[in-house]
Amino acid sequence: MQDFFQNLTFSLNATVPVFLMMIFGFLMQKVHLLDEHTTAKINQFVFKALLPALLFMDLSTAEFQSVWDTKFVLFCFLATACSIGIAFLFSLLHKEKAERGEIIQASYRSSAAILGIAFVNNIYGHATMAALMIVGTVPLYNIIAVITLSLTAPTDSQKTGMRALLLRTGKNVLTNPIILGIAAGMLWSVLRLPHPVILTKSVSYLGNMAMPLSLIALGASFQLGSAKGKLKLTLGISFFKLFLFCMLFLPVAIWLGFREEKLIAILVMLGSATTSSCFVMAKNMGHRGVITACAVMMTTLLSAFSLTFWLFVLRTIGVI
């Protein structure tokens, strides 16, 4: 019984602070201290400046040879690819072809950058393995999202050719601020460049702001009114996103020998909420975005419980 409460306390300590920040952001929106414009600007600031600084800070001070794990990165890539395939099969059950792209993207695409870094950083004090997980997943996230949303978009709303879309996606991946932050940190580590105190402190100030600001902005982005309708479909997406992929791939990850920080990064990759950027991409590519908005809201709310559950299970069996 003592072990049960210790494991439960560990799980709650990992998840509750993260979601309290999101609830705080939601309350700030309700009392009109944060509006849609301000929240959007905060999200841009976090994505383009703070998260890259945090990842650079973690990776530039680590030994690259000891940090890089090819097996881990490949697993993240292959598990994501399999998840996409399963999400595609699930979408075929839906009659409206124009909505299948939204279903696919919302079912596989996790908040790897924000929630992934937040959870790993909250438990272990750094986000090195979360960065490697992002390397294995984010490029694939973006490429598949563009392809599926393009192929399923209403015919009168998507005029851009596939080649142009893929070129734009490739450019977006290569210029992704998070990917650039990871690359700069790894390069700094490989070249063994010095870490002047002024630089280290300045970057650490930026990095330390990343998590609270990103979570507050994510909470302030909630629009509960968008959940009307599509409840059955949204619950199906939430089951895939928060439970099914974890049930399928976490045992494989454990069998392959992944433990501690790597397993937490894999858990967040598989079972965290649908990222809010899905909605932006769906709207920009001619979709209504209703399904995506509902999925983002529902999975974010339910992930407070599902991630606590999975952390408790992993802690109980002694792999984290």
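The values are calculated or read from the model by the stated rules, or taken from the named source; none is laboratory data. Since we're looking at a predicted model, the values are computed, not measured. Counting neighbours? That spans all protein chains shown, and the Cβs are built from the backbone with ideal geometry, glycine included.
Pairs only if they're at least six apart or on different chains, beta carbon under 6 angstrom, first in the range 129-143 and closer than 19 Å to A184 by Cβ, second among the basic types (K, R) and crowded, with 24+ Cβ neighbours inside 10 Å; list them, first residue then second.
M129/K262
So, in the range 36-49, of the ones that are closer than 13 Å to I179 by Cα and modelled with pLDDT of 80 or more, which residue ends up farthest from the chain's Cα centre (by Cα)?
Looking at the filtered set, the residue picked out is A49.
Could you name every one of the helices (runs of 4 or more DSSP H) located completely within the range 225-297 that has at least 1 residues being β-branched (V, I, T) and under 20 Å from F19 (Cβ atoms)? Walk me through it before giving the result.
On the way: elements: 231-239, 245-255, 260-271, 277-284.
The helices (runs of 4 or more DSSP H) meeting that bar are 231-239, 260-271.
Given the condition touching a residue at least 40 places away in the same chain (Cβ under 8 Å) and not in a helix (DSSP H, G or I), answer yes or no: does some residue in the range 197-220 qualify?
Within the range 197-220, none of the residues are touching a residue at least 40 places away in the same chain (Cβ under 8 Å) and not in a helix (DSSP H, G or I).
Would you check if there is a residue in the range 21-35 being surrounded by 16 or more Cβ atoms within 10 Å (Cβ to Cβ), of a type outside the set (A, V, I, L, M), out of contact with any Pro (no Cβ under 9 Å at 6 or more places or on another chain) and closer than 19 Å to V138 by Cβ?
Within the range 21-35 (the criterion being surrounded by 16 or more Cβ atoms within 10 Å (Cβ to Cβ), of a type outside the set (A, V, I, L, M), out of contact with any Pro (no Cβ under 9 Å at 6 or more places or on another chain) and closer than 19 Å to V138 by Cβ), the answer is no, since none of the residues qualifies.
Given (1) in contact with a strand residue (DSSP E or B) (Cβ under 9 Å, 6 or more places away or on another chain); (2) within 29 Å of Q6 (Cβ to Cβ), identify the lone condition not met by F305.
Result: F305 fails condition (1) only.
State all residues of the range 292-316 that are free of Cβ contacts under 8 Å to residues at least 40 places away in the same chain and among the aliphatic types (A, V, I, L, M); if no residue qualifies, say none.
Correct list: L301, V313.
Which of the helices (runs of 4 or more DSSP H) contained wholly in the range 11-88 include at least 3 residues that are of a type outside the set (D, E) and within 23 Å of S221 (Cα to Cα)?
So the answer is 36-45, 51-60.
Can you find a residue in the range 41-58 that is in contact with a Pro (Cβ under 6 Å, 6 or more places away or on another chain) and crowded, with 21+ Cβ neighbours inside 10 Å?
Yes, the range 41-58 contains at least one residue that is in contact with a Pro (Cβ under 6 Å, 6 or more places away or on another chain) and crowded, with 21+ Cβ neighbours inside 10 Å.
Can you tell me which residue is modelled with the lowest pLDDT among those in the range 262-320 that are surrounded by fewer than 22 Cβ atoms within 10 Å (Cβ to Cβ) and of a type in the set (K, R)?
The extreme case among them is K283.
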